[in-house]
1. Restricting attention to segment 4-45, which residues are among the small types (Gly, Ala, Ser), part of a helix (DSSP H, G or I) and open to solvent by less than 50 Å² (accessible area, probe 1.4 Å)?
2. Of everything in segment 13-45, what is without any contact (Cβ under 8 Å) to a residue 24 or more places away in the chain, closer than 15 Å to residue 2 by Cα and in contact with a Leu (Cβ under 9 Å, 6 or more places away or on another chain)? Give them in sequence order.
Amino acid sequence: MPDDDLVNKSSECLNISDPGAAMIQVCKNIKRECERRRKIGVYLC
């Protein structure tokens, strides 16, 4: 996923007040990818 998309989706996940089950899973995946990139020194989200 391109960096810009990851940042946008991460921000979107933080702003959802009542996500559905599918969106919760998507947001977990986005969070996991942000954490993975942080470990390699890429601080995007």
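The values are calculated or read from the model by the stated rules, or taken from the named source; none is laboratory data. Nothing here was measured: the structure is a model prediction, and the numbers come from that model. Note: ideal-geometry Cβ built from the backbone for every residue, glycine included; neighbour counts use all protein chains shown. Note: areas computed on protein heavy atoms with side chains; ligands, DNA, RNA excluded. Shrake-Rupley method; radii C 1.70, N 1.55, O 1.52, S 1.80 Å.
1. 10
2. Across segment 13-45, the qualifying residue is only 38.
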